[in-house]
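Working notes, structure below.
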Amino acid sequence: MKSIPSVPSEARRRIEVRPDQTIALGPRADAPVEVFSTPSLILLLELAAKDLLAPHLEAEEDSVGVSVEITHTAPTPRGGWVEATARLVAVQGRQFDFELLAFDAAGEIGNGRHRRAVVSLSKFEDALAKRTSPRTEGLTPTLPAVPATVAVRGGVEAGVARLVLNRPGSLNAMDRSMTGDLEAWLAYLEHPTCPVRVVVLSGEGRAFCAGEDIKENAALDADASIALAGRRGQVCRRLAALPHPVIAQVQGPCFGGGLMLALAADLLVASHSATFGLPEVKLGWPPAYTLDAVVARVGRLGARRLALQGETWTAAQALELGLVDRAVAENQLPSEGARAVNDVLRLPALAFAETKRLLADLGPAGVGGDLGRTLDAYARCRRHPDAAAGMRAFLEGRNR
């Protein structure tokens, strides 16, 4: 070890509860009560303790869990936040004891104790290899196959995952199939053995994404629409939370949910043809997710101009106001995107991931916002008759 951390010292981790971190309760399969699961709480607390030790380790060292004792005392809903604190209380050679606490917006949800040991990675791998047998090989996490999706055309080459929104006939409007395809790709990209270094998100044809598919939404009942909005909100959160650099390459219309998707990227490159807006209020509801990402980019004044006044910004305006990072001529968009990929590939992957996580933890911008609150506002409005009237007007071309 480079040094021994001081006693007491502590580290924190905060997350927003994703669907894969919940357990479904109740008898109704179609409407379960989803709450933060105890295994997910244990993992979060363990990672906080791991974070505290990480700066003190040599390059060929890491820490592993030895024991954990957790009491999970209160539920946290899906979409809420949970913050874990690991406080170092004792050091015995290469073993470290922690006191653990976890809170959500309503107060304490768990506590316990945890011990970690610092190990040599080479010795640990040797010990692991000796235990490998036909019975245990099946337990080793294996990377799932690259998703074979249609509404999102994707591929991985030389560490770069390229995801292309692929409904050009509808300006890449997000429907259920595109939402499912994005979820499939995120499951692949989030896997601990995923070889991807950079993710590039773009749109097929003359648009990046015109927003959600209003024709499909108008055919859904309010509950189904609200559930779909929740899934899309989680897609944006998960995309923003990836440790990899994410680059959005935008041309043509980029509205509503499409803008929210683009703003989940770390770098947004736009062509001069790109236009940006949040037209949801005209339809009868507020933006359902990641409005905080807009505020983080352009402040509350800019967000009001987009979300309340219904302004549409050109690429030049978006660049001037900070909504996008680069704006180039239409024929230069592919080469500028390639340059951005090369730029981030030159950066140390771990340093980028850790810096990205620290920035996300600083406040409500990006992945740290309150998805539950924004979805509640969307749900109230989506059930109101104004929403049905707004969609009819849109489909009839009266409020575009």
Residue check for Ala318: under 26 Å from Val164 (Cβ atoms) and at pLDDT 85 or above
yes
Out of Leu53, Leu88, I need the residue that is over 25 Å from Tyr289 (Cβ atoms), crowded, with 20+ Cβ neighbours inside 10 Å and touching a helix residue (DSSP H, G or I) at 6+ places or on another chain (Cβ under 8 Å). Which one?
Leu88
Region 305-362 - residue that is under 23 Å from Phe208 (Cβ atoms), more than 21 Å from the chain's Cα centre (by Cα) and among the basic types (Lys, Arg) and, of those, surrounded by the fewest Cβ atoms within 10 Å (Cβ to Cβ):
Arg339
Looking only at region 103-116, count how many residues are buried (at least 17 other Cβ atoms within 10 Å of the Cβ) and more than 13 Å from Ile70 (Cβ to Cβ).
3
Those residues that are outside any helix (DSSP H, G or I) and charged (D, E, K, R), I need them from region 322-340; list them, please.
Asp325, Arg326
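Table: residues versus (1) basic (Lys, Arg); (2) under 30 Å from Glu83 (Cβ atoms).
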{"residue": "Arg176", "(1), (2)": "yes, no"}
{"residue": "Leu186", "(1), (2)": "no, yes"}
{"residue": "His191", "(1), (2)": "no, yes"}
{"residue": "Gly203", "(1), (2)": "no, no"}
So which of Leu41, Leu52 is out of contact with any Pro (no Cβ under 8 Å at 6 or more places or on another chain) and either touching a residue at least 12 places away in the same chain (Cβ under 8 Å) or in the same structural domain as Ala127 (by TED's automatic domain parsing) (or both)?
Leu41
So, Arg206, is that one at pLDDT 90 or above and assigned to a helix (DSSP H, G or I) or not?
no
Do we find a residue being crowded, with 18+ Cβ neighbours inside 10 Å, over 16 Å from the mean Cα position of the chain (by Cα) and either in a helix (DSSP H, G or I) or without any contact (Cβ under 8 Å) to a residue 60 or more places away in the chain (or both) anywhere in region 183-190?
no
For region 128-150, check the following and say yes or no: at least one residue is in contact (Cβ under 8 Å) with a residue 24 or more places away in the chain and either buried (at least 18 other Cβ atoms within 10 Å of the Cβ) or of a type in the set (Asp, Glu) (or both).
yes
Within region 56-74, residues being in contact with a Leu (Cβ under 9 Å, 6 or more places away or on another chain) and surrounded by 12 or more Cβ atoms within 10 Å (Cβ to Cβ) number 6
Considering every residue within region 242-256, establish whether at least one is closer than 22 Å to Arg380 by Cα and touching a strand residue (DSSP E or B) at 6+ places or on another chain (Cβ under 9 Å).
yes
Just to be sure, is Pro168 within 30 Å of Ser9 (Cβ to Cβ), in the same structural domain as Ala338 (by TED's automatic domain parsing) and either in contact (Cβ under 8 Å) with a residue 24 or more places away in the chain or not β-branched (Val, Ile, Thr) (or both)?
no
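The values are calculated or read from the model by the stated rules, or taken from the named source; none is laboratory data. Values in this document were obtained by computation on a predicted structure and should not be read as measured data. Glycine gets a Cβ as well: all are built from the backbone with ideal geometry, and neighbour counts include every protein chain shown.
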